[in-house]
Amino acid sequence: MPSLREAWDRQGPTWTAWARIPGHDSFTQFHGERFFSLLPPPGGLTVDLGAGVGRVARALRPRGYDVVEVEGSEFLARANAELTTGSVIRADAARLPLRAGIADLAIAFMSMHDVDEMPAAIAEAARILVPGGRFAMALVHPLNSAGRFEQAASGEPERDRRFVIDGSYVDERRYADDVVRDGLPMRFESMHRPLESYSRALEDAGFAVEALHEVCEPSPDDKWSRIPLFLDLRAVRR
Ligand SMILES: C[S@@+](CC[C@H](N)C(=O)[O-])C[C@H]1O[C@@H](n2cnc3c(N)ncnc32)[C@H](O)[C@@H]1O
């Protein structure tokens, strides 16, 4: 099976189109601002891990953040470099070509569940941060990736559809989600990992979690208003 990085490289052209349509996924609808509310004010250098085509950095630079972007896919790093005025490095988040203590903020918006060597990438985030630096990441919530909503029973409101976990929450496994939005089909290839996998990686890298938000869909009629879509957290490097 190809690595997640190779899978994302294959999806590069589609993701480039997908990520550039404003308002068509949760980043511009509500999740971007929720994530930004976790960030400390701009200080020194910010490193964005798994930057894709740079929409996070493009939102942060006007707010005063000096962002270097790291992207693992050759295709996406090149597409990003064509759009940005900042620096984009093509590298694996698990092996950063950056010196220790170069940054005071590392971010990973919706990328760590797509990284093959997640614990190594989190250790690298710790290495490039100064002591007291912050690491903020947004993930597909492990509850979300563990299960699925059943079809609605007849007459049942959409919001009340049963959410079931058929297999194991605890075991890590690769999965793919096929989503069509505005006629654009996109395949998201990711790893389901239980929350403890991330928590242990953070602990082993010397991080202490200082904020953890479970992000639901804001519309109360949506089924995702009662099961969290995303998990956002901020950790401090001790
Ligand atoms: C869901 S996309 C998110 C992109 C971006 N953060 C955004 O929100 O627009 C996940 C990104 O992680 C990148 N990625 C996956 N594995 C990686 C790795 N090992 N090192 C660096 N980037 C990686 C993918 O190529 C992809 O751009």
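The values are calculated or read from the model by the stated rules, or taken from the named source; none is laboratory data. Source: prediction; values computed, not measured. So basically every Cβ, Gly included, is an ideal-geometry build from the backbone, and we count neighbours across all protein chains shown. Only protein heavy atoms, including side chains, enter the accessible area calculation; ligands, DNA and RNA are left aside. Shrake-Rupley method; radii C 1.70, N 1.55, O 1.52, S 1.80 Å.
Name the strands (runs of 3 or more DSSP E) wholly within segment 144-238 that hold at least 1 residues that are within 22 Å of ASP48 (Cβ to Cβ) and either of a type in the set (S, T, N, Q) or touching a residue at least 12 places away in the same chain (Cβ under 8 Å) (or both)? Walk me through how you get there before you give the answer.
Values: elements: 173-181, 184-192, 207-215, 230-237.
Of the strands (runs of 3 or more DSSP E) lying wholly inside segment 144-238, those with at least 1 residues that are within 22 Å of ASP48 (Cβ to Cβ) and either of a type in the set (S, T, N, Q) or touching a residue at least 12 places away in the same chain (Cβ under 8 Å) (or both) span 184-192, 207-215, 230-237.
Any residue in segment 75-84 that is free of Cβ contacts under 8 Å to residues at least 40 places away in the same chain, away from the ligand (no atom under 12 Å from the Cβ), under 29 Å from PRO228 (Cβ atoms) and not acidic (Asp, Glu)?
No: segment 75-84 contains no residue that is free of Cβ contacts under 8 Å to residues at least 40 places away in the same chain, away from the ligand (no atom under 12 Å from the Cβ), under 29 Å from PRO228 (Cβ atoms) and not acidic (Asp, Glu).
Residues in segment 97-117 that are hydrophobic (A, V, I, L, M, F, W, C), buried (at least 17 other Cβ atoms within 10 Å of the Cβ) and more than 9 Å from the ligand (Cβ to nearest atom): how many?
Taking segment 97-117 and keeping what is hydrophobic (A, V, I, L, M, F, W, C), we get 98, 100, 102-103, 105-110, 112, 115.
Remaining after also requiring buried (at least 17 other Cβ atoms within 10 Å of the Cβ): 98, 102-103, 105-110, 112, 115.
In the following step, the residues that additionally are more than 9 Å from the ligand (Cβ to nearest atom) were identified as 98, 102-103, 105-106.
Number of matching residues: 5.
Looking at ARG148, is it open to solvent by less than 80 Å² (accessible area, probe 1.4 Å), out of contact with any Gly (no Cβ under 9 Å at 6 or more places or on another chain) and farther than 18 Å from ALA93 by Cα?
Details: open to solvent by less than 80 Å² (accessible area, probe 1.4 Å): no; out of contact with any Gly (no Cβ under 9 Å at 6 or more places or on another chain): yes; farther than 18 Å from ALA93 by Cα: yes.
No: the conditions fail for ARG148.
Could you identify the single residue in ALA138, ALA146, ALA93 that is of a type in the set (Gly, Ala, Ser) and either out of contact with any strand residue (DSSP E or B) (no Cβ under 8 Å at 6 or more places or on another chain) or away from the ligand (no atom under 13 Å from the Cβ) (or both)?
ALA146
Taking the criterion of being under 16 Å from the mean Cα position of the chain (by Cα) and not basic (Lys, Arg), would at least one residue in segment 73-80 satisfy it? Spell out how you get there, then give the answer.
From segment 73-80, those under 16 Å from the mean Cα position of the chain (by Cα) are 73, 76; that's our starting set.
Checking the rest, the ones that are also not basic (Lys, Arg) come to 73, 76.
Yes, segment 73-80 contains at least one residue that is under 16 Å from the mean Cα position of the chain (by Cα) and not basic (Lys, Arg).
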